[in-house]
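Everything on this sheet refers to the single structure shown next.
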Amino acid sequence: MIETERLILKPLTHNQLLKYIKDDHSLEKEFDLLPTKKNISPSLHDALEQTILPNVFDKDKDYLYHTLWTIISKPDHRMVGDICFVGEPDPNGEIEIGYGTYEEFRGQGFMTEAVARIIEWAKEQPKVKSVFAATTKDNVASYSILEKNNFIHIGEVDDMLSWKIELK
């Protein structure tokens, strides 16, 4: 678990991910939070079932790089979004992040703050040298978060933009 003034970023265990997928507010109950309306996209649901859950279950992998980290607003006492790494650092020390803010909490700076904090955490990890992210060209909110966190636009393919920040 890592924190900012307003946020708690909590990596979810395998059992907590199962509760997250159920979306029956049992995860919020476990954390003693108010219920939150999550919208688990079909692509996130597939990633959870096909990649995230098996990797988190695998004891040979560092689950912190494979799980969802829930983002909790301390003042609201609610989950406001999720952030994750897309696997462990590659041979060059690069990791990829993905994130999403629940609709009712967008535009409040939560994700900009969460990305900043997870980047600080990544800097402390000996094998991590840079962080990569990809956004669609039309997702201005998403790439604004990256720009505010000093990511550099490094390229584009079709409707996707690539971003990177060097840590070491």
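Shown for the stretch 1-140: the carbon plus sulfur share of the solvent-accessible area, taken with all protein chains present and a 1.4 angstrom probe, equals 50%.
Is the stretch 107-152 best put as rounded, prolate or oblate by its Cα gyration tensor, with a ≥ b ≥ c the root eigenvalues, rounded for a/c under 1.5, and otherwise prolate when a/b is larger than b/c, oblate when not?
Working: a/c = 3.03, a/b = 1.58, b/c = 1.92.
Because a/c hits 1.5 or more and a/b fails to exceed b/c, the stretch 107-152 counts as oblate.
State whether the stretch 83-168 is rounded, prolate or oblate according to the following rule on the C-alpha gyration tensor (a ≥ b ≥ c being the square roots of its eigenvalues): a/c under 1.5 gives rounded; otherwise a/b larger than b/c gives prolate, and the remaining case gives oblate.
Working: a/c = 1.95, a/b = 1.28, b/c = 1.52.
The shape class here is oblate.
When a/c is below 1.5 the answer is rounded, else prolate if a/b is larger than b/c, else oblate, so apply that to the stretch 1-63 with a ≥ b ≥ c taken from the square roots of the Cα gyration tensor eigenvalues. Since a/c reaches 1.5 but b/c is at least a/b, the shape of the stretch 1-63 is classed as oblate.
Once fully extended, how much extra length lies between residue 40 and residue 13, figured as 0.36 nm per residue of separation less the alpha-carbon to alpha-carbon distance? Let's see the in-between values first.
Details: separation 27, 0.36 × 27 = 9.72 nm, distance 1.76 nm.
Length gained between residue 40 and residue 13: 8.0 nm.
Across the stretch 160-168, computed HN-Hα scalar couplings (Karplus, 6.51 cos²θ - 1.76 cosθ + 1.60, θ = phi - 60°) run 10, 9, 10, 9, 8, 10, 8, 9, 9 Hz from first to last residue, x flagging Gly and Pro.
Computed over the stretch 1-155, relative contact order equals 20 percent, with contacts defined as Cα pairs under 8 Å that lie 6+ residues apart. Placing +1 on the Cβ of every Lys and Arg and -1 on the Cβ of every Asp and Glu, with no other charges, gives the stretch 1-150 a dipole of roughly 200 debye about its Cα centre. Within a straight-line Cα-Cα reach of under 29 Å, residue 168 can be paired with the following lysines, leaving aside sequence neighbours fewer than 8 residues apart in one chain: 10, 59, 61, 123, 127, 129, 137, 148.
When Kirkwood radius over Cα pairs in Å is computed from the coordinates, the matching label among [x] 16.3; [y] 18.2; [z] 17.0 is [x].
Give the lysines reachable from residue 22 as a straight Cα distance under 17 Å; neighbours fewer than 8 places away on the same chain don't count. Answer for residue 22, where 17 Å is the Cα cut-off: 37, 38, listed by chain and number.
To the nearest 20 debye, what charge dipole does the stretch 68-109 have about its Cα centre, counting +1 at the Cβ of each Lys and Arg and -1 at the Cβ of each Asp and Glu?
Numbers: 3 positive and 8 negative charges, 62 e Å.
Dipole about the Cα centre, nearest 20: 300 debye.
The values are calculated or read from the model by the stated rules, or taken from the named source; none is laboratory data. Treat the numbers as computed from the prediction; the structure is a model and nothing was measured. Note that each Cβ is placed from the backbone with ideal geometry, even for glycine, and that neighbours are counted across all protein chains shown. Ligands, DNA and RNA are excluded from the accessible area calculation, which covers all protein heavy atoms including side chains. Shrake-Rupley method; radii C 1.70, N 1.55, O 1.52, S 1.80 Å.
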